[in-house]
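For reference, the structure discussed in these notes is given below.
The values are calculated or read from the model by the stated rules, or taken from the named source; none is laboratory data. The model shown is predicted, which means the values in this text are computed figures rather than measured ones. Neighbour counts are summed over all protein chains in view; Cβ atoms, including those assigned to glycine, are modelled from backbone coordinates with ideal geometry.
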Amino acid sequence: MMRAFTRSVVAGLATLVIFPFVSVSASAQGVREPHFGAVTAAEVGEVTVRNLPTVQTNSHRGGVRPFRHTGNPIRSDHGSSVQVAVPPESATVATASTATEQVVTGFTGVTLSQQVAALGNDQAVAPPDPQIAAGPAALLEMVNSSGTVWTKSGTLVKIFDLNLFFQLPAGYTFSDPRVLYDAISGRWFANGVAFTQALGSRLVFGLSDTDDPAGTWHIYFAGDSSNVLHDQPKIGVSTDKVAISFNDFLSGALFLGQSTYVFSKAAMLASASSIPGGAIGPDSTRVSIVPAIELAATATEYMTYNNSDCGYSGCNRGYPAIGVVSITGDPATGTLAWNESDPAIAGTSGPPKADQPGLPASIDTNDDRFLTTVWQNGNLWTVGNDACTPPGDLVVRPCPRLIQVSTASLTVNQNFDLGRAGTGFFFPAVHLDNAGDMYVVYNISSLSDYVGVRITGQPAGSAPQQVVTPQTIQPGQGLYTCFSRWGDYSGAALDPASPTDVWVAGEYAGASTTNCEWATFVARLTLGASAPPPGPAISSISPTSGSAAGGTTVTFQGSGLSAGGTATVVNFGANQVTATCSSAAACTAVSPPGVGGPVGVTATVGGITSNAVSFTYLPVLSTINPTAGPPAGGTSVTITGTGFSTTAGATTFAFGTNAATGVSCSSTTTCTAVTPPGPRSTTLSVTVQVNGVAGANSLSFFYRRK
């Protein structure tokens, strides 16, 4: 959650060594089945994402504000007793999967600097809590506190403020985003919490009218409270239910328990103004329940929670166990039922902090709550942070815990940690493709690794505790020292248009002079039975930005970038140029003209296309006419340049610090706008932003005496 210095989020992952745990049968021991009361969600209104404004600001950014959970759980940073699965990179592995995990494409998602530039200084918050969802034609990423719509090639379509998207009342701030695409209904669902300085809060959530994430959404709220904080609400959707679970804290400090609201999906799909539902909680015997992302049609909403450590709620009867909950019945008729079984597992424990180069124990990994749950055809996976001592190590490290459960037999089929000596792995997310292959994304850091993004997976039918060779798909770019806060989770989503692929999103340490820059990386993954065909791969480009007029010479480093006499074609977004290559590892290309903002850049050799890296087009200003006007404003001006966007709201102009109104762009080179008021007898700089990216230069406008 994003909040100022008052919260300590629970979640932590570790390194990639696989420690398997003993499979156990379901046990009814300790099960407590609560009963639902009534709850109603009220509609706030409609919002069209592509029409949401960006906020023109100056380049100054205030200090980054951390969003922190309140209340400290009981931590026990000792190594788990479960088996640690060691991936093929480790010398101690006996067997390894012959499958490979391929990065189909990857690009830089939203960054701290980008959202501040586009949306204002109040967006200088951490951690980002990155989440990703994939629809038929687009991606939707949400972080604290912005949303971004992307093409699947990595081109930014829209960046928007989640405080405006969820239509928060004055005095409220948004945090803890979750987002998913429901292929059964063809709708997007998103949720989070809106909180006040007094740590009251309300749940906020919405669904789209169509499969276009930049289109119109209906927004709802529930659980309004002046003194209870609804922390880390997580959402799941079945064929007829929308479930949201969260932890409740009195005045942001005293843990009251977990609460679960279950709403009528049919009423939401019908855009009803009032949504009936059932509510349980606050229930102090459970903590941090995670509704499952469900990939197959079922009226049952599955949920999990970690009943193996004491956490906020104390040591429950029957622990260590995994709480497996199934919600049945109809929320519209008041017939909801809570069904629970708690199969035993080897217990987890709170993970230690992770290392950075020169800074041991400098990254918070939070606690051992579960973070993501996914279900498909009786196969349920859940993940969270744990502490383990990897083989060959004498030190307890943060490690992801992965648990697989059969919901038909309520049997734990797999229960293991990922770990590697000397390394920390933390904040995992898990997902499945349509074949039941498992994918996991998580953070990596050590005394020799800045915080980066890493992946592994397990093909369906693999031997237990066996994973494919892990890969760091986005290395960290520098130290992160503003705060120790990180996370609070990563994201993963099935691609409904290509259901053998899964998209992931994770936070990494970006390069900055202040060591405060977080960034996100988005990648499309697939699992294959053998090594991928040889093809081009881009490891880096320089420079990473250039004029929207084109003409920037960009150097590419990587592998397979040239093949004999075959031409290497480079795409900057949708625009193609031909590269000049001195070797298979180094090429140059001159950027074509483009629209301001980031685009995905790929290289194609012999019909095989590389991964995508990000290149940012900087809009350029040329002329303004007229060049002077009255201090009252209201002067219609024509501005020329390059890299303007014709999409409404994507291009903004500022006269000093005041935004122009009535901006309309007839082409990528010409816009009109109306001047704001300005000080008399003063020349102000005129600046531009396109898709949240500031222009490379400025013009001048003189405000006359009258």
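Restricting attention to region 116-134, the residues that are at pLDDT 95 or above and out of contact with any Asp or Glu (no Cβ under 6 Å at 6 or more places or on another chain) add up to 2. Confirm whether G384 is touching a Lys or Arg at 6+ places or on another chain (Cβ under 6 Å), buried (at least 21 other Cβ atoms within 10 Å of the Cβ) and part of a strand (DSSP E or B). Against the criterion (touching a Lys or Arg at 6+ places or on another chain (Cβ under 6 Å), buried (at least 21 other Cβ atoms within 10 Å of the Cβ) and part of a strand (DSSP E or B)), G384 qualifies.
Exactly one residue out of G649, G594, G633 is out of contact with any Leu (no Cβ under 6 Å at 6 or more places or on another chain), within 30 Å of S562 (Cβ to Cβ) and not in a strand (DSSP E or B): that is G594.
On the given criteria, is S409 in a strand (DSSP E or B) and of a type in the set (G, A, S)?
Details: in a strand (DSSP E or B): no; of a type in the set (G, A, S): yes.
Against the criterion (in a strand (DSSP E or B) and of a type in the set (G, A, S)), S409 does not qualify.
Scanning region 479-511 for residues that are assigned to a strand (DSSP E or B) and over 11 Å from the mean Cα position of the chain (by Cα) yields a total of 5. Filtering region 142-157 to residues that are within 20 Å of W503 (Cβ to Cβ) and either in contact with a Ser or Thr (Cβ under 8 Å, 6 or more places away or on another chain) or buried (at least 24 other Cβ atoms within 10 Å of the Cβ) (or both) leaves M142, V143, N144, S146, G147, T148, W150, K152, S153, G154, L156, V157. Return the pairs, sorted by first residue and then second, in which the second residue is among the basic types (K, R), the first residue lies in region 148-175 and is assigned by TED's automatic domain parsing to the domain that holds A138, the beta carbons are less than 6 Å apart, and the residues are 6+ apart or on different chains. Going by the 6 Å Cβ cut-off, the qualifying pairs are V149/K158; K158/R50.
Within region 199-229, the residues that satisfy the criterion of being outside any strand (DSSP E or B), at pLDDT 95 or above and either buried (at least 23 other Cβ atoms within 10 Å of the Cβ) or hydrophobic (A, V, I, L, M, F, W, C) (or both) are P213, A214. A count restricted to region 697-706 and to residues that are of a type in the set (A, V, I, L, M, F, W, C) and crowded, with 23+ Cβ neighbours inside 10 Å stands at 1.
Determine whether T604 is more than 31 Å from the chain's Cα centre (by Cα), surrounded by fewer than 22 Cβ atoms within 10 Å (Cβ to Cβ), in a strand (DSSP E or B) and not basic (K, R).
Numbers: more than 31 Å from the chain's Cα centre (by Cα): no; surrounded by fewer than 22 Cβ atoms within 10 Å (Cβ to Cβ): yes; in a strand (DSSP E or B): yes; not basic (K, R): yes.
No, not satisfied.
In a residue-by-residue description of region 158-166, the property of being at pLDDT 90 or above, out of contact with any Phe, Trp or Tyr (no Cβ under 6 Å at 6 or more places or on another chain), among the aliphatic types (A, V, I, L, M) and buried (at least 24 other Cβ atoms within 10 Å of the Cβ) applies to at least one position. Among the residues of region 669-696, count how many are surrounded by 15 or more Cβ atoms within 10 Å (Cβ to Cβ), modelled with pLDDT of 95 or more and not in a strand (DSSP E or B). Qualifying residue count, region 669-696: 4. Within region 337-381, the set of residues being out of contact with any strand residue (DSSP E or B) (no Cβ under 6 Å at 6 or more places or on another chain), assigned to a strand (DSSP E or B), touching a residue at least 24 places away in the same chain (Cβ under 8 Å) and farther than 24 Å from E33 by Cα comprises L359, P360.
The single condition among (1) modelled with pLDDT of 90 or more; (2) closer than 30 Å to R420 by Cβ that E340 does not satisfy is (2).
Pick from F644, F655: which is of a type outside the set (A, V, I, L, M), more than 23 Å from P593 (Cβ to Cβ) and touching a residue at least 12 places away in the same chain (Cβ under 8 Å)?
Working: F644 fails: more than 23 Å from P593 (Cβ to Cβ).
Selected residue: F655, the only one of F644, F655 that is of a type outside the set (A, V, I, L, M), more than 23 Å from P593 (Cβ to Cβ) and touching a residue at least 12 places away in the same chain (Cβ under 8 Å).
Which condition breaks for N379 when tested against (1) touching a Pro at 6+ places or on another chain (Cβ under 8 Å); (2) surrounded by fewer than 24 Cβ atoms within 10 Å (Cβ to Cβ)? Looking at each condition in turn, N379 falls short on (1).
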